[in-house]
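Below you'll find the structure, written out as structure tokens, and then a few comments.
The values are calculated or read from the model by the stated rules, or taken from the named source; none is laboratory data. Only a predicted model underlies this, so the values are computations on that prediction, with no experimental measurement involved. Every residue, glycine as well, gets a Cβ built from its backbone with ideal geometry; the counts of neighbours run over all protein chains shown. Remember, those area values only see protein heavy atoms, side chains included, never the ligands or the DNA or RNA. Shrake-Rupley method; radii C 1.70, N 1.55, O 1.52, S 1.80 Å.
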Amino acid sequence: MPKFEYAPAPESRSIVDLRESYGLFIDGKFTDSADGRAFKTISPATEEVLAEVTEAGPEDVDRAVRAARKAYETWSALAPAQRSKYLFRIARIIQERARELAVLESLDNGKPIRESRDVDIPLVAAHFFYYAGWADKLEHAGFGPCPKPLGVAGQVIPWNFPLLMLAWKIAPALACGNTVVLKPAETTPLTALAFAEICQQADLPPGVVNIITGAGDTGRALVEHPGIDKVAFTGSTEVGKQIARSCARTGRRNTLELGGKAANIVFDDAAIDQAVEGIVNGIFFNQGHVCCAGSRLLVQESVYDEVLGSLKRRLGTLRLGDPLDKNTDVGAINSAAQLAKIRELSDIGEAEGAERWSPPCELPAHGFWFPPTIFTGVSQAHRIAREEIFGPVLSVLTFRTPAEAIEKANNTPYGLSAGVWTEKGSLILRMAAQLRAGVVWANTFNRFDPTSPFGGYKESGYGREGGRHGLEAYLDV
Ligand code: NAD
């Protein structure tokens with residue numbers, strides 16, 4: 001098939017008004033840090049410095065927690081319908097500023113504008129709308145006649161869906177009457193700081209939402225602060241385990257959303273073209289920086305050649321490059337450190353004997369880039385079949401029977417998601433019942449909806465976010 005040449009179609013970045021430096025958002029105001037430390041956030045696509053961001057130290061964390069504690073007294077006592085109004089207002093402002101937020105997210109994170117514009121930001125608004133609806137109906141949520149909030153939530157989020165992870169954390173917390181101190185990831189702080197402005201614009205009472213920026217030390221100071229009643233963390237399994245240990249010492253409530261190594265299972269009766277689209281969306285969406293990515297493809301042996309042929313042809317049509325170009329399918333890797341990790345695990349895959357393939361693909365000279373990559377001849381013992389790569393790298397394995405597919409899919413320390421592709425409804429139900437994964441998609445992949453709970457088993461963490469279930473994490477039940 002001849003390759004279509006596309007003229008560049010970049011989204012203008014003039015809609016974003018970047019400040020040179022950003023303070024911490026504490027008690028409704030942007031403030032400096034006590035010790036004046038700062039770090040830079042860059043565009044991963046060009047390595048250009050976007051802004052300087054304040055690094056919160058222990059004193060700042062303390063200040064933010066105190067502000068949240070003070071605000072808790074009035075926020076938790078507010079009539080629930082009033083809390084709804086604030087959340088609806090925030091949701092509407094997000095919609096009004098959607099284009100600006102999408103450009104900012106793509107600049108800071110490296111993800112294609114097509115995704116930030118059509119997936120991330122609409123879902124962010126949807127989350128606030130959804131939980132705004134719950135705020136005055138909590139007594140009907142199935143958690144007792146008079147559910148109470150927990151207090152101050154300390155929330156730490158990763159860099160792969162910066163504003164969406166913020167929405168997953170803040171919307172249910174506020175709806176239930178809690179106040180929050182949230183720390184975004186150090187490589188993607190800008191949309192969380194824009195969200196702080198949105199809180200001001202919505203006249204949210206000071207201290208209900210506090211945003212503190214910084215890296216792992218700031219996160220640790222927050223989750224270990226004695227004034228926190230609940231910890232909510234999304235990130236790596238390694239850090240999640242540390243947090244679980246520190247919460248166990250204090251008996252503090254916590255929910256953890258961690259890594260994954262999902263199986264995407266294609267049976268021989270599946271609609272192959274549709275399945276190939278789902279495989280591509282499963283692992284190359286957001287450069288594979290997706291905790292529930294379908295990073296292990298399990299193909300039934302009888303259709304292996306057909307699926308691999310179609311998949312390779314489809315990969316040849318993916319366009320990698322400028323995240324702000326509306327035609328881009330694959331953007332930049334979020335950081336030099338993540339790129340090094342993807343390279344290392346891919347090299348190990350080759351060294352262990354798997355066969356590596358990427359479509360011909362020119363990588364930009366600056367920034368952090370990795371081509372869409374497929375490994376075939378992968379065995380379950382290979383590290384690329386066991387460890388989370390968190391990049392655009394797919395490991396392909398085969399199976400003969402449903403029982404073998406289930407055994408291979410469940411042969412992982414993780415349990416976040418899985419996908420099943422087949423025409424048979426009965427097979428979907430059988431697989432869904434036996435796959436040990438928090439989410440099982442049938443004939444689709446990476447679909448998110450605020451009404452649907454999301455979370456893991458085993459080393460993918462515990463607790464659910466989204467849906468009615470997501471309220472439980474923020475109620476004293
Ligand atoms: P990470 O765990 O290194 O960092 C996540 C966040 O935790 C960042 O804000 C970081 O600054 C902070 N942090 C680091 N050390 C900390 C500590 N000791 N105490 C408190 N906070 C600390 O992970 P990452 O590299 O930023 O994100 C990628 C990982 O996140 C992947 O493994 C991915 O699977 C996982 N993830 C999971 C989900 C989910 O919903 N299950 C969603 C997105 C990402």
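Among helices (runs of 4 or more DSSP H) entirely within segment 189-307, having at least 3 residues that are within 16 Å of the ligand (Cβ to nearest atom) and over 21 Å from the mean Cα position of the chain (by Cα) singles out 237-250. The residues of segment 400-429 that are among the β-branched types (Val, Ile, Thr) and more than 13 Å from residue 260 (Cα to Cα), listed by number, are 401, 406, 420, 422, 428.
Taking segment 341-364 as the range and being at pLDDT below 95 and among the hydrophobic types (A, V, I, L, M, F, W, C) as the test, only 361 passes. Does residue 154 qualify as being surrounded by fewer than 22 Cβ atoms within 10 Å (Cβ to Cβ) and modelled with pLDDT of 95 or more? No. Close Cβ contacts (under 6 Å, 6 or more residues apart or on different chains) running from residues in segment 74-98 that are on the phi < 0 side of the Ramachandran plot to residues that are surrounded by fewer than 16 Cβ atoms within 10 Å (Cβ to Cβ) and not aliphatic (A, V, I, L, M) comprise 93/201.
Taking the stated definitions as given, is residue 398 touching a Phe, Trp or Tyr at 6+ places or on another chain (Cβ under 8 Å), modelled with pLDDT of 95 or more, part of a strand (DSSP E or B) and of a type in the set (S, T, N, Q)? Yes: the conditions hold for residue 398. Contact map, segment 414-435: first residue over 28 Å from residue 235 (Cα atoms), second residue in a loop (DSSP other than H, G, I, E, B), Cβ cut-off under 6 Å, separation 6 or more or different chains; pairs are 421/270; 421/443; 422/267; 422/269; 422/270; 423/269. For residue 185, are the conditions met, namely being out of contact with any Ser or Thr (no Cβ under 8 Å at 6 or more places or on another chain), part of a helix (DSSP H, G or I) and touching a residue at least 24 places away in the same chain (Cβ under 8 Å)? No: the conditions fail for residue 185. Here residue 359 does not fit the description of being touching a His at 6+ places or on another chain (Cβ under 6 Å), open to solvent by less than 50 Å² (accessible area, probe 1.4 Å) and either more than 30 Å from residue 121 (Cβ to Cβ) or not small (Gly, Ala, Ser) (or both).
Of all the residues in segment 130-175, those that are part of a helix (DSSP H, G or I) and in contact (Cβ under 8 Å) with a residue 12 or more places away in the chain number 20.
Contact map, segment 455-477: first residue over 20 Å from residue 412 (Cα atoms), second residue of a type in the set (Lys, Arg) and open to solvent by 30 Å² or more (accessible area, probe 1.4 Å), Cβ cut-off under 6 Å, separation 6 or more or different chains; pairs are 470/464; 476/148. With respect to residue 265, is the statement that it is in contact with a strand residue (DSSP E or B) (Cβ under 9 Å, 6 or more places away or on another chain) and open to solvent by 10 Å² or more (accessible area, probe 1.4 Å) true? Against the criterion (in contact with a strand residue (DSSP E or B) (Cβ under 9 Å, 6 or more places away or on another chain) and open to solvent by 10 Å² or more (accessible area, probe 1.4 Å)), residue 265 does not qualify.
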